[in-house]
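Report on the following structure.
The values are calculated or read from the model by the stated rules, or taken from the named source; none is laboratory data. Since the model is a prediction, treat every value here as computed from it, not as a measurement. Don't worry about glycine lacking a Cβ; one is built from the backbone with ideal geometry, like all the others, and counts go over all protein chains shown.
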Amino acid sequence: MVEGAGPAGELGVGIVGVGSASSWAREAHVPAVHAAPGLRLRAVATRDAATVAQTAAELGADVGYADAQDLVDDPSVDVVTVGVPVPAHRDLILAALAAGRHVVTEWPVGTSTAQTAELAAAATAAGVRTAVDLQARLAPAAVRARRLLADGALGRVTAVSVYSSTAAFGPVVPAGARYLEDPKSGMNLTTIQAAHTLDLVASLFGGLASFATLRTVQHPDVTVAGSDPVDHLRRTVPDHVLVQGRLLSGAALAVEVSGGRAPEAPFRLEVRGERGSLVLSGGGPRGFQASRLRLERDGSVEVLDEAGTQDLPDPVVNVARVYATFAAELRGGGTGESESAPDFDDALRLAHLLDDLVRSDEERRTVEPPAPWPR
Ligand SMILES: NC(=O)c1ccc[n+]([C@@H]2O[C@H](COP(=O)([O-])OP(=O)(O)OC[C@H]3O[C@@H](n4cnc5c(N)ncnc54)[C@H](O)[C@@H]3O)[C@@H](O)[C@H]2O)c1
(Lines give C-alpha, C1' and ligand atoms only; values in the text may rest on other atoms or scores of the structure.)
Protein backbone atom coordinates (compact mmCIF):
# COMPACT_ATOMS: atom_id res chain seq x y z
CA MET A 1 0.00 0.00 0.00
CA VAL A 2 1.30 3.43 -0.90
CA GLU A 3 1.61 5.95 1.92
CA GLY A 4 2.32 9.04 -0.18
CA ALA A 5 -0.92 9.15 -2.16
CA GLY A 6 -2.29 12.67 -2.61
CA PRO A 7 -5.35 14.07 -0.87
CA ALA A 8 -7.65 12.87 -3.61
CA GLY A 9 -6.14 9.41 -3.22
CA GLU A 10 -4.37 9.77 -6.53
CA LEU A 11 -0.80 8.63 -7.04
CA GLY A 12 1.41 11.23 -8.67
CA VAL A 13 3.38 10.07 -11.72
CA GLY A 14 6.41 11.89 -13.11
CA ILE A 15 7.57 10.97 -16.63
CA VAL A 16 11.09 11.54 -17.95
CA GLY A 17 11.65 11.28 -21.73
CA VAL A 18 8.89 13.36 -23.33
CA GLY A 19 11.21 15.92 -24.93
CA SER A 20 10.65 14.99 -28.56
CA ALA A 21 7.33 14.74 -30.36
CA SER A 22 8.20 11.24 -31.58
CA SER A 23 9.25 9.84 -28.20
CA TRP A 24 7.49 6.70 -27.03
CA ALA A 25 6.94 8.21 -23.58
CA ARG A 26 4.96 11.02 -25.15
CA GLU A 27 3.06 8.76 -27.55
CA ALA A 28 2.14 6.02 -25.09
CA HIS A 29 2.97 6.72 -21.43
CA VAL A 30 1.34 10.15 -21.19
CA PRO A 31 -2.09 9.03 -22.47
CA ALA A 32 -1.77 5.75 -20.57
CA VAL A 33 -1.29 7.59 -17.26
CA HIS A 34 -4.20 9.89 -18.02
CA ALA A 35 -6.36 6.84 -18.71
CA ALA A 36 -5.37 4.80 -15.65
CA PRO A 37 -7.76 5.04 -12.68
CA GLY A 38 -6.14 6.56 -9.58
CA LEU A 39 -3.10 8.05 -11.33
CA ARG A 40 -2.37 11.71 -11.93
CA LEU A 41 0.25 13.02 -14.34
CA ARG A 42 2.00 15.20 -11.79
CA ALA A 43 5.18 16.10 -13.68
CA VAL A 44 7.21 15.67 -16.83
CA ALA A 45 10.90 16.35 -17.40
CA THR A 46 12.73 17.26 -20.59
CA ARG A 47 16.19 18.70 -21.14
CA ASP A 48 14.88 21.96 -22.59
CA ALA A 49 14.39 24.65 -19.93
CA ALA A 50 12.94 27.08 -22.48
CA THR A 51 10.02 24.85 -23.48
CA VAL A 52 9.43 22.46 -20.59
CA ALA A 53 6.61 24.49 -18.99
CA GLN A 54 4.77 24.62 -22.31
CA THR A 55 5.39 20.90 -22.87
CA ALA A 56 3.97 20.14 -19.42
CA ALA A 57 0.86 22.19 -20.19
CA GLU A 58 0.40 20.53 -23.58
CA LEU A 59 0.68 17.08 -22.07
CA GLY A 60 -1.65 17.83 -19.16
CA ALA A 61 1.00 17.60 -16.43
CA ASP A 62 0.86 19.87 -13.38
CA VAL A 63 4.51 20.88 -13.61
CA GLY A 64 7.52 20.57 -15.92
CA TYR A 65 11.17 20.24 -14.88
CA ALA A 66 14.27 20.80 -17.00
CA ASP A 67 16.28 18.62 -14.60
CA ALA A 68 15.04 15.05 -14.06
CA GLN A 69 16.45 15.12 -10.51
CA ASP A 70 13.96 17.87 -9.63
CA LEU A 71 11.13 15.61 -10.83
CA VAL A 72 12.50 12.74 -8.75
CA ASP A 73 12.75 15.02 -5.69
CA ASP A 74 9.20 16.38 -6.05
CA PRO A 75 7.41 14.94 -2.99
CA SER A 76 4.12 14.71 -4.90
CA VAL A 77 5.70 12.27 -7.38
CA ASP A 78 5.05 8.74 -6.10
CA VAL A 79 5.98 6.93 -9.30
CA VAL A 80 8.83 7.87 -11.66
CA THR A 81 8.54 6.69 -15.25
CA VAL A 82 11.85 6.27 -17.05
CA GLY A 83 11.15 6.62 -20.78
CA VAL A 84 14.54 7.75 -22.10
CA PRO A 85 16.84 5.65 -24.31
CA VAL A 86 18.27 2.63 -22.50
CA PRO A 87 21.84 3.93 -21.92
CA ALA A 88 20.29 6.66 -19.73
CA HIS A 89 18.04 4.31 -17.73
CA ARG A 90 20.49 3.31 -14.99
CA ASP A 91 21.27 6.72 -13.50
CA LEU A 92 17.64 7.80 -13.53
CA ILE A 93 16.38 4.56 -12.01
CA LEU A 94 19.00 4.70 -9.25
CA ALA A 95 18.08 8.33 -8.53
CA ALA A 96 14.38 7.42 -8.31
CA LEU A 97 15.10 4.45 -6.04
CA ALA A 98 17.34 6.59 -3.80
CA ALA A 99 14.41 8.98 -3.35
CA GLY A 100 12.12 6.08 -2.44
CA ARG A 101 9.96 6.38 -5.54
CA HIS A 102 8.23 3.50 -7.24
CA VAL A 103 9.55 3.05 -10.77
CA VAL A 104 7.99 2.28 -14.13
CA THR A 105 10.65 1.83 -16.75
CA GLU A 106 10.79 1.10 -20.39
CA TRP A 107 12.14 -2.18 -21.63
CA PRO A 108 15.02 -3.07 -21.96
CA VAL A 109 15.74 -2.11 -18.34
CA GLY A 110 19.54 -2.10 -18.64
CA THR A 111 22.11 -2.11 -21.42
CA SER A 112 23.27 -5.54 -20.20
CA THR A 113 22.10 -8.37 -17.98
CA ALA A 114 24.63 -7.29 -15.33
CA GLN A 115 23.13 -3.80 -15.29
CA THR A 116 19.58 -5.17 -15.12
CA ALA A 117 20.65 -7.38 -12.19
CA GLU A 118 22.17 -4.36 -10.44
CA LEU A 119 18.94 -2.38 -10.86
CA ALA A 120 16.73 -5.29 -9.73
CA ALA A 121 18.87 -5.65 -6.59
CA ALA A 122 18.72 -1.89 -5.96
CA ALA A 123 14.92 -1.91 -6.26
CA THR A 124 14.65 -4.78 -3.80
CA ALA A 125 16.98 -2.98 -1.37
CA ALA A 126 14.94 0.24 -1.72
CA GLY A 127 11.75 -1.62 -0.81
CA VAL A 128 9.70 -0.02 -3.59
CA ARG A 129 7.63 -1.55 -6.39
CA THR A 130 8.65 -1.64 -10.01
CA ALA A 131 6.93 -2.16 -13.34
CA VAL A 132 8.47 -2.75 -16.75
CA ASP A 133 6.82 -1.96 -20.05
CA LEU A 134 6.70 -5.51 -21.34
CA GLN A 135 3.17 -4.57 -22.13
CA ALA A 136 2.04 -7.28 -24.57
CA ARG A 137 1.33 -9.79 -21.84
CA LEU A 138 -1.40 -7.47 -20.53
CA ALA A 139 -2.98 -6.86 -23.96
CA PRO A 140 -6.69 -7.69 -23.68
CA ALA A 141 -6.26 -10.34 -26.40
CA ALA A 142 -3.33 -11.93 -24.54
CA VAL A 143 -5.24 -11.96 -21.25
CA ARG A 144 -8.17 -13.68 -22.97
CA ALA A 145 -5.89 -16.17 -24.73
CA ARG A 146 -4.13 -17.01 -21.45
CA ARG A 147 -7.48 -17.71 -19.83
CA LEU A 148 -8.64 -19.96 -22.67
CA LEU A 149 -5.37 -21.87 -22.56
CA ALA A 150 -5.52 -22.22 -18.76
CA ASP A 151 -9.08 -23.49 -19.04
CA GLY A 152 -7.92 -26.16 -21.49
CA ALA A 153 -10.02 -24.78 -24.36
CA LEU A 154 -7.59 -26.17 -26.93
CA GLY A 155 -6.77 -29.42 -25.17
CA ARG A 156 -3.08 -30.26 -25.37
CA VAL A 157 -1.18 -27.57 -27.27
CA THR A 158 0.93 -29.17 -30.00
CA ALA A 159 2.53 -26.24 -31.83
CA VAL A 160 3.01 -22.48 -31.63
CA SER A 161 4.29 -20.41 -34.53
CA VAL A 162 4.97 -16.68 -34.42
CA TYR A 163 5.88 -14.02 -36.96
CA SER A 164 6.80 -10.70 -35.33
CA SER A 165 8.16 -7.62 -37.05
CA THR A 166 8.99 -3.97 -36.48
CA ALA A 167 9.62 -1.05 -38.82
CA ALA A 168 12.93 -0.43 -37.01
CA PHE A 169 16.18 -2.19 -37.93
CA GLY A 170 15.46 -2.09 -41.67
CA PRO A 171 17.73 -0.90 -44.49
CA VAL A 172 16.96 2.79 -43.86
CA VAL A 173 17.05 4.32 -40.38
CA PRO A 174 16.00 7.76 -39.14
CA ALA A 175 18.88 10.04 -38.11
CA GLY A 176 17.61 10.01 -34.52
CA ALA A 177 17.89 6.22 -34.41
CA ARG A 178 21.58 5.98 -35.37
CA TYR A 179 22.49 5.06 -31.79
CA LEU A 180 20.57 1.78 -32.20
CA GLU A 181 23.35 0.56 -34.52
CA ASP A 182 25.80 0.73 -31.59
CA PRO A 183 25.94 -2.68 -29.87
CA LYS A 184 26.69 -0.93 -26.57
CA SER A 185 23.27 0.79 -26.58
CA GLY A 186 21.67 -2.51 -25.60
CA MET A 187 18.84 -1.69 -28.01
CA ASN A 188 18.57 -4.00 -31.00
CA LEU A 189 16.20 -6.45 -32.65
CA THR A 190 17.10 -9.22 -30.20
CA THR A 191 16.78 -7.16 -27.02
CA ILE A 192 13.65 -5.36 -28.20
CA GLN A 193 11.45 -7.18 -30.72
CA ALA A 194 12.56 -10.75 -29.98
CA ALA A 195 12.34 -10.00 -26.25
CA HIS A 196 8.78 -8.67 -26.39
CA THR A 197 7.82 -11.65 -28.54
CA LEU A 198 9.33 -14.30 -26.25
CA ASP A 199 7.95 -12.57 -23.17
CA LEU A 200 4.46 -12.95 -24.64
CA VAL A 201 5.14 -16.58 -25.53
CA ALA A 202 6.36 -17.32 -21.99
CA SER A 203 3.38 -15.53 -20.44
CA LEU A 204 1.01 -17.66 -22.50
CA PHE A 205 2.73 -21.04 -22.37
CA GLY A 206 4.92 -21.00 -19.28
CA GLY A 207 8.36 -20.96 -20.76
CA LEU A 208 10.86 -22.75 -22.94
CA ALA A 209 12.64 -26.02 -22.22
CA SER A 210 15.15 -25.87 -25.08
CA PHE A 211 15.86 -23.76 -28.12
CA ALA A 212 18.20 -23.08 -31.01
CA THR A 213 18.69 -19.60 -32.44
CA LEU A 214 19.90 -18.24 -35.76
CA ARG A 215 20.57 -14.50 -35.87
CA THR A 216 21.64 -12.84 -39.10
CA VAL A 217 22.34 -9.38 -40.50
CA GLN A 218 20.10 -9.00 -43.56
CA HIS A 219 20.85 -5.31 -44.14
CA PRO A 220 24.59 -4.81 -43.58
CA ASP A 221 24.60 -1.51 -45.50
CA VAL A 222 22.22 0.88 -43.77
CA THR A 223 21.47 4.38 -44.97
CA VAL A 224 20.32 7.31 -42.85
CA ALA A 225 16.95 8.63 -44.02
CA GLY A 226 17.09 12.00 -45.74
CA SER A 227 20.89 12.28 -45.60
CA ASP A 228 22.52 14.17 -48.48
CA PRO A 229 25.11 13.04 -49.41
CA VAL A 230 23.84 9.63 -48.41
CA ASP A 231 25.17 8.60 -45.02
CA HIS A 232 26.04 4.88 -44.91
CA LEU A 233 26.31 2.85 -41.71
CA ARG A 234 27.74 -0.65 -41.40
CA ARG A 235 25.29 -2.78 -39.40
CA THR A 236 26.87 -5.36 -37.12
CA VAL A 237 23.93 -6.18 -34.86
CA PRO A 238 21.54 -8.88 -36.18
CA ASP A 239 18.33 -7.61 -37.78
CA HIS A 240 16.69 -11.02 -38.22
CA VAL A 241 16.17 -13.67 -35.53
CA LEU A 242 14.90 -17.24 -35.82
CA VAL A 243 14.18 -19.39 -32.78
CA GLN A 244 13.02 -22.96 -32.82
CA GLY A 245 12.34 -24.66 -29.56
CA ARG A 246 10.34 -26.86 -27.30
CA LEU A 247 7.98 -25.37 -24.76
CA LEU A 248 7.88 -26.69 -21.21
CA SER A 249 4.62 -28.44 -22.12
CA GLY A 250 6.41 -30.30 -24.91
CA ALA A 251 4.77 -28.30 -27.73
CA ALA A 252 6.91 -27.21 -30.69
CA LEU A 253 7.75 -23.53 -31.07
CA ALA A 254 8.83 -21.58 -34.16
CA VAL A 255 9.51 -17.84 -33.97
CA GLU A 256 10.63 -15.46 -36.72
CA VAL A 257 11.46 -11.88 -35.74
CA SER A 258 12.18 -9.43 -38.51
CA GLY A 259 13.36 -5.82 -38.76
CA GLY A 260 12.32 -3.47 -41.56
CA ARG A 261 8.68 -4.49 -41.31
CA ALA A 262 6.60 -4.12 -44.42
CA PRO A 263 3.12 -2.72 -43.74
CA GLU A 264 1.51 -5.83 -45.19
CA ALA A 265 3.47 -8.14 -42.89
CA PRO A 266 1.97 -7.75 -39.44
CA PHE A 267 2.19 -9.92 -36.36
CA ARG A 268 0.69 -13.40 -36.16
CA LEU A 269 0.86 -15.93 -33.34
CA GLU A 270 -0.87 -19.21 -34.09
CA VAL A 271 -1.54 -21.86 -31.49
CA ARG A 272 -2.64 -25.32 -32.49
CA GLY A 273 -4.07 -27.73 -29.97
CA GLU A 274 -5.66 -31.16 -30.11
CA ARG A 275 -9.12 -29.60 -29.84
CA GLY A 276 -8.78 -26.24 -31.60
CA SER A 277 -6.72 -23.21 -32.52
CA LEU A 278 -6.08 -19.63 -31.46
CA VAL A 279 -4.68 -16.82 -33.59
CA LEU A 280 -3.44 -13.54 -32.15
CA SER A 281 -2.86 -10.94 -34.85
CA GLY A 282 -2.34 -7.23 -35.39
CA GLY A 283 0.81 -5.20 -35.17
CA GLY A 284 1.93 -1.66 -35.89
CA PRO A 285 5.13 0.07 -37.00
CA ARG A 286 6.66 -0.25 -33.52
CA GLY A 287 5.72 -3.91 -33.31
CA PHE A 288 2.79 -5.97 -32.06
CA GLN A 289 3.39 -4.92 -28.46
CA ALA A 290 2.55 -1.35 -29.41
CA SER A 291 -0.74 -2.22 -31.06
CA ARG A 292 -4.24 -3.49 -30.47
CA LEU A 293 -4.38 -7.23 -31.02
CA ARG A 294 -7.26 -9.39 -32.10
CA LEU A 295 -7.91 -12.95 -31.07
CA GLU A 296 -9.59 -15.65 -33.09
CA ARG A 297 -10.63 -18.99 -31.70
CA ASP A 298 -11.29 -21.68 -34.28
CA GLY A 299 -11.66 -18.94 -36.91
CA SER A 300 -14.18 -16.78 -34.96
CA VAL A 301 -13.24 -13.41 -33.50
CA GLU A 302 -13.34 -13.38 -29.68
CA VAL A 303 -15.01 -10.49 -27.87
CA LEU A 304 -12.41 -8.93 -25.56
CA ASP A 305 -12.71 -7.15 -22.23
CA GLU A 306 -10.97 -3.87 -23.02
CA ALA A 307 -11.67 -2.60 -19.48
CA GLY A 308 -11.60 1.17 -19.98
CA THR A 309 -9.09 1.17 -22.85
CA GLN A 310 -11.53 0.86 -25.76
CA ASP A 311 -11.26 4.54 -26.75
CA LEU A 312 -7.46 4.75 -26.59
CA PRO A 313 -5.26 4.86 -29.70
CA ASP A 314 -3.89 1.45 -30.67
CA PRO A 315 -0.30 1.97 -29.42
CA VAL A 316 -1.54 3.08 -25.98
CA VAL A 317 -3.89 0.23 -25.01
CA ASN A 318 -1.36 -2.25 -23.61
CA VAL A 319 0.71 0.39 -21.82
CA ALA A 320 -2.49 1.65 -20.19
CA ARG A 321 -3.12 -1.89 -18.93
CA VAL A 322 0.36 -1.90 -17.35
CA TYR A 323 -0.36 1.35 -15.49
CA ALA A 324 -3.85 0.30 -14.40
CA THR A 325 -2.53 -3.02 -13.11
CA PHE A 326 0.47 -1.40 -11.39
CA ALA A 327 -1.71 1.27 -9.77
CA ALA A 328 -4.02 -1.42 -8.41
CA GLU A 329 -1.01 -3.31 -7.04
CA LEU A 330 0.38 -0.19 -5.38
CA ARG A 331 -2.93 0.28 -3.62
CA GLY A 332 -2.61 -3.20 -2.20
CA GLY A 333 -5.34 -4.63 -4.32
CA GLY A 334 -5.17 -6.16 -7.72
CA THR A 335 -7.21 -5.87 -10.85
CA GLY A 336 -9.17 -8.89 -9.73
CA GLU A 337 -7.97 -10.62 -12.88
CA SER A 338 -5.00 -12.51 -11.40
CA GLU A 339 -2.79 -10.55 -13.80
CA SER A 340 0.24 -8.68 -12.52
CA ALA A 341 2.44 -5.98 -14.02
CA PRO A 342 5.85 -7.28 -15.10
CA ASP A 343 8.57 -6.08 -12.72
CA PHE A 344 12.38 -5.86 -12.56
CA ASP A 345 12.66 -9.52 -11.55
CA ASP A 346 10.68 -10.52 -14.65
CA ALA A 347 12.99 -8.28 -16.68
CA LEU A 348 16.05 -10.01 -15.25
CA ARG A 349 14.64 -13.44 -16.11
CA LEU A 350 14.02 -12.26 -19.66
CA ALA A 351 17.54 -10.83 -19.88
CA HIS A 352 18.91 -14.27 -18.93
CA LEU A 353 16.81 -15.88 -21.66
CA LEU A 354 18.20 -13.43 -24.21
CA ASP A 355 21.74 -14.31 -23.11
CA ASP A 356 20.91 -17.97 -23.67
CA LEU A 357 19.50 -17.17 -27.12
CA VAL A 358 22.66 -15.33 -28.09
CA ARG A 359 24.78 -18.18 -26.72
CA SER A 360 22.82 -20.66 -28.81
CA ASP A 361 23.47 -18.57 -31.93
CA GLU A 362 27.15 -17.96 -31.22
CA GLU A 363 27.86 -21.58 -30.35
CA ARG A 364 25.55 -22.91 -33.08
CA ARG A 365 23.85 -25.36 -30.78
CA THR A 366 20.60 -26.13 -29.04
CA VAL A 367 20.59 -24.74 -25.53
CA GLU A 368 18.86 -26.60 -22.75
CA PRO A 369 18.96 -24.25 -19.77
CA PRO A 370 19.98 -26.05 -16.55
CA ALA A 371 16.62 -25.07 -15.11
CA PRO A 372 13.71 -24.48 -17.46
CA TRP A 373 13.22 -20.85 -18.39
CA PRO A 374 11.72 -18.62 -16.97
CA ARG A 375 13.73 -19.34 -13.84
N1 LIG B 1 7.66 -0.96 -24.99
C2 LIG B 1 7.64 -0.52 -26.26
O3 LIG B 1 6.83 -0.97 -27.06
C4 LIG B 1 8.59 0.57 -26.69
C5 LIG B 1 8.43 1.22 -27.91
C6 LIG B 1 9.33 2.24 -28.24
C7 LIG B 1 10.37 2.58 -27.37
N8 LIG B 1 10.49 1.90 -26.19
C9 LIG B 1 11.53 2.24 -25.21
O10 LIG B 1 11.32 3.58 -24.81
C11 LIG B 1 12.55 4.20 -24.46
C12 LIG B 1 12.72 5.48 -25.24
O13 LIG B 1 12.69 5.21 -26.62
P14 LIG B 1 12.37 6.37 -27.67
O15 LIG B 1 12.32 5.73 -29.00
O16 LIG B 1 11.23 7.18 -27.23
O17 LIG B 1 13.72 7.22 -27.55
P18 LIG B 1 14.06 8.67 -28.10
O19 LIG B 1 15.38 8.60 -28.76
O20 LIG B 1 12.90 9.22 -28.88
O21 LIG B 1 14.24 9.52 -26.75
C22 LIG B 1 13.15 9.77 -25.88
C23 LIG B 1 13.38 11.09 -25.16
O24 LIG B 1 14.47 10.97 -24.23
C25 LIG B 1 15.31 12.11 -24.34
N26 LIG B 1 16.66 11.72 -23.94
C27 LIG B 1 17.60 11.12 -24.70
N28 LIG B 1 18.72 10.90 -23.97
C29 LIG B 1 18.47 11.38 -22.73
C30 LIG B 1 19.21 11.46 -21.54
N31 LIG B 1 20.47 11.02 -21.49
N32 LIG B 1 18.63 12.02 -20.46
C33 LIG B 1 17.37 12.48 -20.52
N34 LIG B 1 16.61 12.44 -21.62
C35 LIG B 1 17.15 11.89 -22.71
C36 LIG B 1 15.20 12.52 -25.80
O37 LIG B 1 15.49 13.89 -25.94
C38 LIG B 1 13.73 12.25 -26.08
O39 LIG B 1 12.92 13.33 -25.72
C40 LIG B 1 13.62 3.16 -24.71
O41 LIG B 1 13.88 2.48 -23.51
C42 LIG B 1 12.96 2.21 -25.71
O43 LIG B 1 13.50 0.90 -25.63
C44 LIG B 1 9.63 0.90 -25.86
Top-ranked residue of the stretch 332-346 - restricted to ones that are modelled with pLDDT of 90 or more and assigned to a loop (DSSP other than H, G, I, E, B), ranked as farthest from the chain's Cα centre (by Cα): Ser340
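Would you mind stating whether Glu58 is surrounded by fewer than 19 Cβ atoms within 10 Å (Cβ to Cβ), among the acidic types (Asp, Glu), modelled with pLDDT of 95 or more and within 27 Å of Asp314 (Cβ to Cβ)? Give the steps one after another, and end with the answer.
Working: surrounded by fewer than 19 Cβ atoms within 10 Å (Cβ to Cβ): yes; among the acidic types (Asp, Glu): yes; modelled with pLDDT of 95 or more: yes; within 27 Å of Asp314 (Cβ to Cβ): yes.
Yes: the conditions hold for Glu58.
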Close pairs (6 angstrom Cβ cut-off, 6 or more residues apart or separate chains): of a type in the set (A, V, I, L, M, F, W, C) in the stretch 64-93, in a loop (DSSP other than H, G, I, E, B) and near the ligand (Cβ under 7 Å from one of its atoms) anywhere: Val84/Gly17; Val86/Pro108; Val86/Met187
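Residue-wise test of (1) assigned by TED's automatic domain parsing to the domain that holds Glu181; (2) surrounded by fewer than 23 Cβ atoms within 10 Å (Cβ to Cβ); (3) within 16 Å of the ligand (Cβ to nearest atom).
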position: Val257; (1), (2), (3): yes, no, yes
position: Arg268; (1), (2), (3): yes, yes, no
position: Val279; (1), (2), (3): yes, yes, no
position: Leu293; (1), (2), (3): yes, no, yes
position: Asp311; (1), (2), (3): no, yes, no
position: Asp314; (1), (2), (3): no, yes, yes
position: Ala320; (1), (2), (3): no, no, yes
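Return the residues of the stretch 106-124 that are in contact with a Leu (Cβ under 8 Å, 6 or more places away or on another chain) and without any contact (Cβ under 8 Å) to a residue 60 or more places away in the chain; say none if nothing qualifies. So that I can check it myself, show each step before the final result.
Looking only at the stretch 106-124, we keep the residues that are in contact with a Leu (Cβ under 8 Å, 6 or more places away or on another chain), and these are 107, 109-110, 113, 116-117, 119-120, 122-123.
Within the stretch 106-124, just Ala122 meets the criteria.
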Strands (runs of 3 or more DSSP E) lying entirely in the stretch 52-105 (those with 3 or more residues that are outside the structural domain of Ala25 (by TED's automatic domain parsing) and not small (Gly, Ala, Ser)): none
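Any idea which of Val84, Val33, Val77 is buried (at least 19 other Cβ atoms within 10 Å of the Cβ), under 17 Å from the mean Cα position of the chain (by Cα), aliphatic (A, V, I, L, M) and more than 13 Å from the ligand (Cβ to nearest atom)?
Details: Val84 fails: more than 13 Å from the ligand (Cβ to nearest atom); Val77 fails: under 17 Å from the mean Cα position of the chain (by Cα).
Result of the check over Val84, Val33, Val77: Val33.
Counting residues that are of a type in the set (Asp, Glu), which strands (runs of 3 or more DSSP E) fully inside the stretch 240-312 reach at least 1? I'd like the intermediate steps shown before the answer.
Details: elements: 240-247, 252-258, 267-273, 276-282, 293-297.
By residue number, 252-258, 267-273, 293-297.
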Selection within the stretch 188-217 - more than 16 Å from the ligand (Cβ to nearest atom), buried (at least 22 other Cβ atoms within 10 Å of the Cβ) and of a type in the set (S, T, N, Q): Thr213
